[in-house]
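A.B. asks: Before anything else, here's the structure in question.
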Amino acid sequence: MKLNKYTSVAAALLFGFGLSGHAQTKQWTLEECVRYALENNITIKLTELDLKSAEIDKKSALGSFLPSVNASASHSWNIGLNQNITTGLLENQTTQYSSVGATVGVDLYRGLQNQNAYRRAKLSIIASQYQLVKMQEDISLNVASAFLQILSNKEDLKVKKEQLLIDEKRLARSEEMVNAGTIPRGDLFDLRATVATDKQNIAVSENNLLISKLSLAQLLQLKEFADFDVVDDTKITDENNILAQSPIEIYNKARETRTELKLAQTNLEIAEKNVTIAKGAYQPTLSAFYNFNTRASYSDIITGSTLNTTRPTNQIGFVEGTNQAVLQNNYSPILGGPAPIFDQFNDNKGQSFGLQLSVPIFNGFATRNNVERSKVSLEKSKIDLEQKSLDLQRNVYTAFTDARAALNTYESATVTLEARQQAYNYAKEKYDVGLMNSFDFTQAQTLLTNAQSDVIRTKYDYMFKIKILEFYFGIPIVPIITK
């Protein structure tokens, strides 16, 4: 037997899920799904890391108020022709030299840039928190949509299976009637085709159900989803009576609670701080510094002197008039080992401190361009806030209208289903007594099946749109707690 593409996909998914008739499957409620997603979804985890980065940026901004302290140390070897620091003569020798130092610097004034950068960092944390909440709200709605899709596919599959049972019973009865010569054999062929179509529809519905379960399991980041299933909660209730509210009341409530407006407002405040920080570069900067250094040498030092026995005197000139040579004693230095290292460090200490003033005069229009660029970003933030407010108003009125329309559509579909059911029952009575042919009866049955599908589709569409409207009114599926 050749399988169609839907049957093949369904069989593959059934194998992948490893479904077994005796396995005990945990059934998840909508609230459990949302809570699990809020704790485990990868996108939310990435947004939480952005919040941690913003907190680190705040620490960095706070650190700009603190002094900078740096220590240095060096040790060098000089090999070859070098000046002997003891005798002052150039000699081929190897000398060693050590130095240590420390520098302390602190900004006294930088055009209030440090203060404004710290305020901006705090606003960035608030913006990251709002971004996290918005992501959690979006994931909650996505989970609700996926959850309701599973329920819709479950009901659709149930309807398809019930239809198959009805058609199989009709087929068995028709075979008896054909054998008895009551109805023509052609009706039997139509019923066999109908049963085959029912089985194909079941395969498609099973495929859709498995895919919807897989989608929700992946959204929840479940590692073990072989037996994943949800509670069959198909009741329709507007528990919060949200449709009793007017669109303007929902919009006013949304302006107070919706995260996207809070995020846009915070981004506007950040843009204003960026302008202030950029303007601060026009002002002079004043900083203070303190420097300490000391050094030590490993060369020999002069500890005394003695008369040179080889050349005891040196001629330093002549007496004017007599040309008598003028002599002086020729002493040679007595060299000893270097002084102790720590004594040298103590004796060679040096300190410096002072203030440094820097006045910006011209830097290739860099500061000016930064200010203008930050002003452009500020205007964008203002427009974005205005656009977010307009979008929210449009979305609220659209969501309210969609929810009303979804309710009316569902109610109409229910009335249509009742009428189609009565028409089907009447057609069945006529068909059973031979007053209706198989084709006309199949048409009545098809209309009933379509009406049942419409009820299922409109019911869950209405349920989801009620959830959206509740979100705008500040009623989440589960309370969202920021970390």
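The values are calculated or read from the model by the stated rules, or taken from the named source; none is laboratory data. Owing to the predicted nature of the structure, the values given are computational and were not obtained by experimental measurement. Every residue, glycine as well, gets a Cβ built from its backbone with ideal geometry; the counts of neighbours run over all protein chains shown.
A.B. asks: Against the definition (modelled with pLDDT under 90 and in contact with a helix residue (DSSP H, G or I) (Cβ under 8 Å, 6 or more places away or on another chain)), how does Glu162 come out, yes or no?
C.D. replies: It is false that Glu162 is modelled with pLDDT under 90 and in contact with a helix residue (DSSP H, G or I) (Cβ under 8 Å, 6 or more places away or on another chain).
A.B. asks: Oh, and also: For the structure I just gave you, tell me whether Thr306 is assigned to a loop (DSSP other than H, G, I, E, B) and either loosely packed, with under 15 Cβ neighbours inside 10 Å or at pLDDT 70 or above (or both).
C.D. replies: So Thr306 fails the test.
A.B. asks: On the basis of being among the hydrophobic types (A, V, I, L, M, F, W, C), within 30 Å of Val478 (Cβ to Cβ), surrounded by 12 or more Cβ atoms within 10 Å (Cβ to Cβ) and modelled with pLDDT under 90, does Leu30 make the cut?
C.D. replies: Here the answer is yes, as Leu30 does meet what is asked.
A.B. asks: Right, here's the next one. Answer yes if at least one residue in segment 91-108 is modelled with pLDDT under 95, surrounded by 14 or more Cβ atoms within 10 Å (Cβ to Cβ), touching a helix residue (DSSP H, G or I) at 6+ places or on another chain (Cβ under 7 Å) and under 30 Å from Pro284 (Cα atoms), and no otherwise.
C.D. replies: Scanning segment 91-108, I find at least one residue that is modelled with pLDDT under 95, surrounded by 14 or more Cβ atoms within 10 Å (Cβ to Cβ), touching a helix residue (DSSP H, G or I) at 6+ places or on another chain (Cβ under 7 Å) and under 30 Å from Pro284 (Cα atoms), so the answer is yes.
A.B. asks: Please tell me if Thr313 is of a type in the set (Val, Ile, Thr) and either more than 60 Å from the chain's Cα centre (by Cα) or surrounded by fewer than 11 Cβ atoms within 10 Å (Cβ to Cβ) (or both).
C.D. replies: yes
A.B. asks: Anything in segment 270-290 that is touching a helix residue (DSSP H, G or I) at 6+ places or on another chain (Cβ under 7 Å) and exposed (fewer than 15 other Cβ atoms within 10 Å of the Cβ)? List them, or say none.
C.D. replies: If the condition is that a residue be touching a helix residue (DSSP H, G or I) at 6+ places or on another chain (Cβ under 7 Å) and exposed (fewer than 15 other Cβ atoms within 10 Å of the Cβ), then Tyr282 is the only one that fits.
Residue by residue, here is whether (1) crowded, with 17+ Cβ neighbours inside 10 Å; (2) closer than 30 Å to Gly111 by Cβ; (3) of a type in the set (Gly, Ala, Ser) holds:
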residue: Asn369; (1), (2), (3): no, yes, no
residue: Val376; (1), (2), (3): no, yes, no
residue: Lys382; (1), (2), (3): no, yes, no
residue: Glu386; (1), (2), (3): no, no, no
residue: Asp391; (1), (2), (3): no, no, no
residue: Thr398; (1), (2), (3): no, no, no
residue: Ala403; (1), (2), (3): yes, no, yes
residue: Leu407; (1), (2), (3): yes, no, no
residue: Thr414; (1), (2), (3): no, no, no
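A.B. asks: When the residues of segment 45-90 are filtered to those that are modelled with pLDDT under 90 and hydrophobic (A, V, I, L, M, F, W, C), which remaining residue is nearest to the chain's Cα centre (by Cα)?
C.D. replies: Top of the filtered list is Trp77.
A.B. asks: Kindly list, by first and then second residue, each pair from a residue in segment 425-446 that is farther than 17 Å from Leu164 by Cβ and among the acidic types (Asp, Glu) to a residue that is at pLDDT 80 or above and part of a helix (DSSP H, G or I), limited to pairs with Cβ atoms under 8 Å and residues at least 6 apart or on different chains.
C.D. replies: Every condition considered, the pairs that remain are Asp440/Ala427.
A.B. asks: Additional query: With respect to Arg119, determine if the residue is in a helix (DSSP H, G or I), at negative phi and more than 26 Å from the chain's Cα centre (by Cα).
C.D. replies: Against the criterion (in a helix (DSSP H, G or I), at negative phi and more than 26 Å from the chain's Cα centre (by Cα)), Arg119 does not qualify.
A.B. asks: A further question on this structure: Which number in (1) at pLDDT below 90; (2) more than 22 Å from Asn241 (Cα to Cα); (3) of a type in the set (Phe, Trp, Tyr) marks the one condition that Tyr472 misses?
C.D. replies: (2)
A.B. asks: Among the residues of segment 286-298, are any part of a loop (DSSP other than H, G, I, E, B), at pLDDT 75 or above and closer than 30 Å to Ala121 by Cβ?
C.D. replies: No, segment 286-298 contains no residue that is part of a loop (DSSP other than H, G, I, E, B), at pLDDT 75 or above and closer than 30 Å to Ala121 by Cβ.
A.B. asks: Are any of the residues in segment 420-443 on the phi < 0 side of the Ramachandran plot and under 45 Å from the mean Cα position of the chain (by Cα)?
C.D. replies: no
A.B. asks: Continuing with this model, one more query. From (1) within 19 Å of Val455 (Cβ to Cβ); (2) surrounded by 15 or more Cβ atoms within 10 Å (Cβ to Cβ), pick out the condition that doesn't hold for Asp167.
C.D. replies: Among (1) within 19 Å of Val455 (Cβ to Cβ); (2) surrounded by 15 or more Cβ atoms within 10 Å (Cβ to Cβ), Asp167 violates only (1).
A.B. asks: Still on this structure, please answer the following. In this structure, does Gly16 turn out to be of a type outside the set (A, V, I, L, M) and at pLDDT below 55?
C.D. replies: In short, yes.
A.B. asks: Can I ask one more? Just to confirm my filter: which helices (runs of 4 or more DSSP H) fall fully inside segment 178-283 and include at least 3 residues that are modelled with pLDDT of 90 or more and under 30 Å from Asn363 (Cβ atoms)?
C.D. replies: 259-280
A.B. asks: Can you run down the residue pairs with Cβ atoms below 8 Å, 6 or more apart or on separate chains, where the first is in segment 461-483 and surrounded by 19 or more Cβ atoms within 10 Å (Cβ to Cβ) and part of a helix (DSSP H, G or I) and the partner is among the aromatic types (Phe, Trp, Tyr) and at pLDDT 90 or above?
C.D. replies: Pairs found: Asp461/Tyr410; Tyr462/Tyr410; Leu469/Phe400; Tyr472/Tyr251.
A.B. asks: If you check Val204 against the conditions, is it of a type outside the set (D, E, K, R), in contact with a strand residue (DSSP E or B) (Cβ under 6 Å, 6 or more places away or on another chain) and in contact (Cβ under 8 Å) with a residue 60 or more places away in the chain?
C.D. replies: no
A.B. asks: Scanning for something over 30 Å from Thr442 (Cα atoms), in contact (Cβ under 8 Å) with a residue 60 or more places away in the chain and of a type in the set (S, T, N, Q), does segment 237-246 turn up at least one residue?
C.D. replies: yes
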